[in-house]
1. Restricting to the chain, what percent of DSSP beta bridges are antiparallel, rounded to 5?
2. Over segment 31-187, what is the relative contact order in whole percent, taking alpha-carbon pairs under 8 Å and six or more residues apart?
3. When Lys and Arg each count +1 and Asp and Glu each count -1, what net charge do the other residues less than 15 Å away from Glu166, Cβ to Cβ, add up to?
4. How many nm separate the modelled label positions at Ser155 and Val91, each set 7 Å beyond the Cα in the direction of the Cβ?
5. Pull out the extension gain between Glu166 and Glu56, defined as 0.36 nm times the separation in residues minus the alpha carbon to alpha carbon distance; nm, one decimal.
6. In whole Å, what is the distance between the alpha-carbon centres of segment 139-178 and segment 7-26?
7. With every atom except the alpha carbons ignored, what do you get for Rg and Dmax of the chain, in angstroms?
8. Stretch Arg83-Ala180 to full length: gain in nm at 0.36 nm per residue minus the Cα-Cα span?
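Just so you know, all these numbers are worked out from the coordinates, no wet-lab data involved. These numbers were taken from a predicted model, which means no experiment stands behind them. Positions of Cβ are generated from backbone atoms using ideal geometry, with glycine treated the same way; all protein chains shown enter the neighbour counts.
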Amino acid sequence: MTVSDTALIVIDAQESFRQRPYWREDDVAAYIERQQALIDGATKADIPVVRIFHVEETGPFSEASGFVATLAPLSIEPAVTFRKQRHSALVGSGLDVWLTGNGIRRIIVSGIRTEQCCETTTRHASDLGYEVDYVGEATLTFPMTDRHGRQWSASEIRARTELVLEDRFARIVTVEEALAGALRKAA
């Protein structure tokens, strides 16, 4: 039994990404530190940790590749693990059924990639009626170049993602704020 109606969702924090050509180590250490603090804080507070893996038929996201494993050096002992094949962790994975069955109405979103699976899951969860805390500092992404040739840094993408989610789809919070909010609701 959990102390609250909250669950931490750790999306796609997996070794598969290290095999992608866009992988950069630039922000990884900071991400790992914040993601681990969130996992450890949730575990200590009896908030269930849900691990999501993205899987595909071939390539580094296939089960056969051996890369569908928790991103090192993260340490996670999830309450449950789901596999997804879409951007939203709520599509075809069984996550929504598990959340509903366990009385979860609030989720804390973290993981990889900030603007892709984390943002999409946040929007989807909000549309389904979940309260969502989005922990941008516990997400990771990589620079991207748009169709006009402008390169967007990972920090610019994170800022843009937080801008479009805030107060419409989620509450944008730090690790500490997410954990404090869960404990406050449980009290």
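1. On the way: 3 of 27 bridges.
Just about 10 percent of them are antiparallel.
2. 21 percent
3. -3
4. So the two model labels end up 3.2 nm from each other.
5. Separation in residues times 0.36 nm, less the Cα-Cα distance, equals 36.5 nm.
6. Centre-to-centre distance over Cα atoms comes out at 15 Å.
7. Just the Cα atoms of the chain yield Rg and Dmax of 15.5, 51 Å.
8. 32.1 nm
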